[in-house]
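Nothing in this text is a laboratory measurement; each read-out follows from the coordinates by a stated rule. Model, not experiment: these values are computed from the prediction. So basically every Cβ, Gly included, is an ideal-geometry build from the backbone, and we count neighbours across all protein chains shown.
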Amino acid sequence: MDITQQTIKFYEALLRVTGDGIVITGESQNIIVVNDAFCALLGRPRTDILETNLFDWLSQFDNTIIDRWARLETRLHVTGENQIDEFRITSNGMERYFSVTATLLRQAEPNVMAAIVSTWHDITKLKQLEQSLKEYSGNLEILVNERTSELKAAYEQNSAILYTSIEGFFKVDLDGRIIEANDSYCKMLGYSREEMLNMRVSDVEALEDSDEVKRHIEKIIGMGGDRFITKQITMQGRILDVEVSVNYIKDSNIMFAFIRDITDRVSLENALNELNANLQKRVEEEVEKNRQKDHMMFEQSRHTAMGELLMNISHHWRQPLGAIGVMIQDIKDAYKYKELDEKYLDTSVSTMLNELNGLSKTIDDFRCFYARDRQASQFSLSHAVNKAVSILEEYFRGRNISLERDMDDSITIHGYQNEFSQIILNLLTNIKDAFESRAVANGIIKVNSYRGQSGKAVLTILDNGGGVGEDIIGKLFDPYFTTRHKSRGTGLGLYIAKTVIEKNMNGTISARNIDGGCEFTIEV
Amino acid sequence: MRDETILKTLSALYVEDDAAMLDGLAKFMRRRFGDVYLAKNGKEGLELYITHNPDIVITDIEMPVMNGIVMINKILKIKNDQPIIITTAFNDDDHVSNRCVNLIKPINVERLIDAIFCCIEGKMREAM
């Protein structure tokens, strides 16, 4: 084997052994030599490839490759130097990258176009790595940029907040020196920033002395922070109420404090407290006034009741007194007419004693009627009504007023009997007055009682006195409301009736116009 | 001293709802008048007045069924100059009449007799 033969063999072995595709093309891109790796790249046997046009193969991958190859060739010819380019080939759906190094194989004869040797080194993996690295670093950069700008924004924002905040902000070192202060705090205390930065907390503190400030700082360090209210003094000597929130930053050994002027709030709070106290006092005064008014009202109504009592007693007494008067004079007259003997005297004396006993009984009845009940009891409704009726019975008889009673005598109710009887008397007296002022000729009062559906006792008192004006029927139970002349009543009777029945007896009292009269209904 | 015997020639109507009062004053009147008619209310009184046409009427005001004022007005319609004496416990416009002699209770019998004479003297003058 000669040297040439040997060299060829040697190069052929080299072509085979390399993993890179190697192809030698002629001047019209005709494939002259191709190695196994390049055949594998095209996926065809060598016999199919040799003497075919490289462009035919490349064009099946991508049209732009042909252009790139053409430019590569041009550069090779112009420069005569090795050219490197990257080719991307898509085959079987897979993207592969090749680093192509092309070199000009010069012939001995200058006018003959040179062949081109190109090696196709698969850099797909490298490319992928590069790509992911690129992506990664790209993301990283974005991330870093984002975080940086976030931090920057946050920092700018924070410092903007801290320095433009309406709230005061300052930093203090562990010795209590003010090492930073925002405008608000400077303005709050009336110092310039330079002055502020030359001061200690104890210089502006108005409540704690320097030892206390020192202990407070120790406490803040120990607890990591504190929130408290104190007083600080301004440059002008004004005392401010301030609320301070301090955080101890361990890493930088400083304290970070927000401070708020709450002087207005505190003075408002004080004013409010004072107002509340005054209000409380006012309420107590009004309650006392009301209590006195109530008391006075009950006194007034009691006076009225006493007046009525006197009137009723006098009514009861007039007839018997008149009779006794006549009987006394009759004794003298009988003597004069010689009729007086022992029998005559006995009859006269016993008749007079009878009348006197009646007078005495009237007093007892009235005293009993107006006595204050010592305690609540279960009592007969009919009995309580009859007691009230008995007081006016004489009067009714004289005025031709008829009283029709239809009552369930078995009903008993719980409460204060005399108080209840007085209420009934008050209702009957109102009716009597209405009959009188309206000159009702044949007054009729109907008193009924029965068990209501709810099991409560119901008492109705109906008259034919013409009823109450619809405009005032709603006011009947108001205090000081009266239809009577001022000298006759206080207008408290029905108010007190309502109070007693609702509060003391847990019942109701109401009034309505019906059948040409007024009907009161009491449910207890 | 007046001569009370003259009353024996006269008749009287007494209207009073209180039984003790009616009984008591009835005795006085029976001793003095010829005829005495008693009524417990205005209605009875009016009926007796129409039946007996008494010379003098003595009446209470506050009475059941028909009160004294109503009865008096009805009597005065029948006989415009009928002498009437009112006995009442109440000295007010509702219980007195300017057409009558008004006596306030308790009754003093002497004053009642004065009033009766006052009435019949007018009557006597008329008669003469």
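Odds and ends about this structure:
- The label point for A:Tyr155 and the one for A:Asn290, both projected 7 Å from the Cα toward the Cβ, are 6.7 nm apart.
- Estimated dipole of segment A:83-197 in Debye, rounded to 20 [Cβ of Lys and Arg +1, of Asp and Glu -1, Cα centre]: 460
- Backbone HN-Hα couplings from phi across segment A:145-152 [Karplus 6.51/-1.76/1.60, Hz, Gly and Pro as x]: 4, 4, 4, 4, 5, 4, 4, 4
- Length gained when the stretch A:Ala271-A:Thr412 is fully extended (0.36 nm per residue, less Cα-Cα span): 45.0 nm
- Residues whose placed amide H lies under 5 Å from that of A:Ala206, excluding near-sequence neighbours: A:Lys231, A:Gln232, A:Ile233
- This model, with +1 at the C-beta of Lys and Arg and -1 at the C-beta of Asp and Glu, gives segment A:153-219 a dipole about its Cα centre of some 140 debye.
- Cβ-derived FRET efficiency at R0 60 Å, A:Leu197 paired with A:Lys134, nearest 0.05: 0.75
- Residues whose amide H falls under 5 Å from that of B:Leu38, counting only those 5 or more places apart or on a different chain, are B:Tyr14, with hydrogens built in the peptide plane.
- Farthest positive-ward along segment A:268-371 dipole, Cα basis, beta-carbon charges - from A:Asn278, A:Asn354, A:Tyr370: A:Asn354
- The label point for A:Asp364 and the one for A:Glu243, both projected 7 Å from the Cα toward the Cβ, are 7.8 nm apart.
- Relative to one another, the C-alpha centroids of segment A:34-102 and segment A:184-233 are positioned 80 Å apart.
- Value at 222 nm in deg cm²/dmol, rounded to 500, when DSSP H runs of n ≥ 4 in chain B each add -39,500 (n - 2.57): -14000 deg cm²/dmol
- Positive minus negative residues near A:Leu340 (Lys, Arg vs Asp, Glu; Cβ under 10 Å): -1
- A:Arg106-B:Asp93 pseudo-label distance in nm [points 7 Å out on the Cα-to-Cβ vector]: 16.0
- Of all stretches in chain A that contain no trypsin sites (Lys or Arg not before Pro) in a DSSP loop with at most 12 other Cβ atoms within 10 Å, the longest one is A:107-237.
- Other residues lying with their Cβ under 11 Å from the Cβ of B:Gly45 contribute a combined charge of -2, Lys and Arg counting +1, Asp and Glu -1.
- Chain A, helix-only ellipticity at 222 nm - DSSP H runs n ≥ 4, -39,500 (n - 2.57), divided by all residues, nearest 500: -17500 deg cm²/dmol
- Within segment A:165-261, the proportion of Cα pairs with more than 20 Å between them is 26 percent.
- In the protein assembly as shown, taking the dipole from charged Cβ atoms about the Cα centre, the farthest positive-side position among B:Leu22, A:Ser449, A:Leu381 is held by B:Leu22.
- Going by neighbour counts of Cβ atoms within 10 Å, the residues A:Glu146, A:Glu339, A:Glu308 line up, fewest first, as A:Glu146, A:Glu339, A:Glu308.
- Lys, Arg +1 and Asp, Glu -1 on Cβ, resulting dipole of chain A about Cα centre, debye, nearest 20: 2200
- With the alpha-carbon atoms of the protein assembly as shown aligned to their principal axes, the span from lowest to highest coordinate is 209, 75, 47 Å, starting with the largest.
- Given 16 as the ceiling on other Cβ atoms within 10 Å, longest exposed-site-free region of chain B for trypsin sites (Lys or Arg not before Pro) in DSSP loops: B:3-78
- Count Lys and Arg as plus one, Asp and Glu as minus one, and take only other residues whose Cβ is under 9 Å from that of A:Gly507; the net charge is then -1.
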